[in-house]
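Chemist: Mind looking over this structure? Questions follow.
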Amino acid sequence: MNVYCCMITLKDNAKALLFAKALEDWMGHLRASDAIGDWRLMRRKLNLAADCYRDFLLEIEVDGLAQLETAFRLTGTHDDEVAQLHRAVHDLIETAEFALYRPYPDMERSERMALL
């Protein structure tokens, strides 16, 4: 399992609850298409964070890079429903920064190290 993380700042005129609902619809569509696993959206509390952190943190679980590629390909399809769901989220975002994390130590490395 890998975790695709997005730190997000909304546009000044964007409503946080509208963003959360649009994101729920979009993530639900991706999940129903088996393009992602579980996901969660968190919001910074009490403005307690260093400057490098954004207001929202989105974590999306994927089985591996192949599933993440499926999510990206689905996003890029020429389907009206997909475009509408994606646009409803994307149009509210001012900035987003991304990272991909994996469990550590992972099984492959742990097993390799055990052999040494």
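Throughout, read-outs are computed from the coordinates displayed, never taken from laboratory work. Just so it is clear, the structure is predicted and the values come from calculations on it, not from any experiment. No Cβ is skipped: glycine too gets one built from the backbone with ideal geometry, and neighbour counts run over all protein chains shown.
Chemist: In debye, nearest 20: dipole of the chain around its Cα centre with unit charges on the Cβ of K, R (+) and D, E (-)?
Modeler: Details: 14 positive and 20 negative charges, 85 e Å.
Computed about the Cα centre, the dipole is about 400 debye.
Chemist: Follow-up question, since we're still on this one. By the gyration tensor of its Cα atoms, with a ≥ b ≥ c the square roots of the eigenvalues, what is the shape of the chain: rounded for a/c under 1.5, prolate for a/b over b/c, or oblate?
Modeler: Note, shape of the chain comes out oblate.
Chemist: By its C-alpha gyration tensor, with a ≥ b ≥ c as the square roots of the eigenvalues, how is region 35-91 shaped: rounded for a/c under 1.5, else prolate for a/b larger than b/c, else oblate?
Modeler: oblate
Chemist: Follow-up question, since we're still on this one. Using the Cα centre of region 34-110 as origin and beta-carbon charges of +1 (Lys, Arg) and -1 (Asp, Glu), tell me which of 53, 107, 71 is placed farthest towards the positive end of the dipole.
Modeler: 53
Chemist: Show that you can apply the helix-only estimate: for the chain, add -39,500 (n - 2.57) for every DSSP H stretch of four or more residues, divide by all residues, and state [θ] at 222 nm to the nearest 500.
Modeler: -13000 deg cm²/dmol
Chemist: Separate question: Please compute the modelled spin-label separation between residue 53 and residue 32, points set 7 Å along Cα→Cβ, answer in nm with one decimal.
Modeler: Roughly 3.4 nm, to one decimal.
Chemist: Something else: Just 91, 80, 38 to compare: in a GNM of the chain, with alpha carbon springs under 10 Å, which one fluctuates most?
Modeler: Looking only at 91, 80, 38, the biggest GNM fluctuation is shown by 80.
Chemist: Assuming 0.36 nm per residue, please report the length gained on full extension of the stretch residue 61 to residue 102 beyond their Cα-Cα distance.
Modeler: Taking residue 61 through residue 102 to full extension adds about 13.8 nm, to one decimal.
Chemist: Still on this structure, please answer the following. What residue among 34, 79, 51 has the largest mean-square fluctuation in a Gaussian network model of the chain, using Cα springs under 10 Å?
Modeler: Greatest mean-square fluctuation among the candidates belongs to 51.
Chemist: Points 7 angstrom from Cα along the Cβ direction at residue 84 and residue 13: gap in nanometres?
Modeler: 2.2
Chemist: Once fully extended, how much extra length lies between residue 91 and residue 44, figured as 0.36 nm per residue of separation less the alpha-carbon to alpha-carbon distance? Spell out each step's value before the answer.
Modeler: Details: separation 47, 0.36 × 47 = 16.92 nm, distance 2.07 nm.
Net length gain for the segment: 14.8 nm.
Chemist: Expressed as an acute angle from 0 to 90° and rounded to the nearest 10, what is the orientation of the C-alpha long axis of helix 80-90 relative to the principal long axis of the chain?
Modeler: 90
Chemist: Among 88, 9, 37, which residue has its Cα furthest toward the positive end of the charge dipole of the chain, with +1 on Lys/Arg Cβ and -1 on Asp/Glu Cβ?
Modeler: 9
Chemist: Follow-up. Specify the residue with the greatest mean-square fluctuation among 32, 96, 49, computed from a Gaussian network of the chain linking alpha-carbon atoms under 10 Å apart.
Modeler: 49
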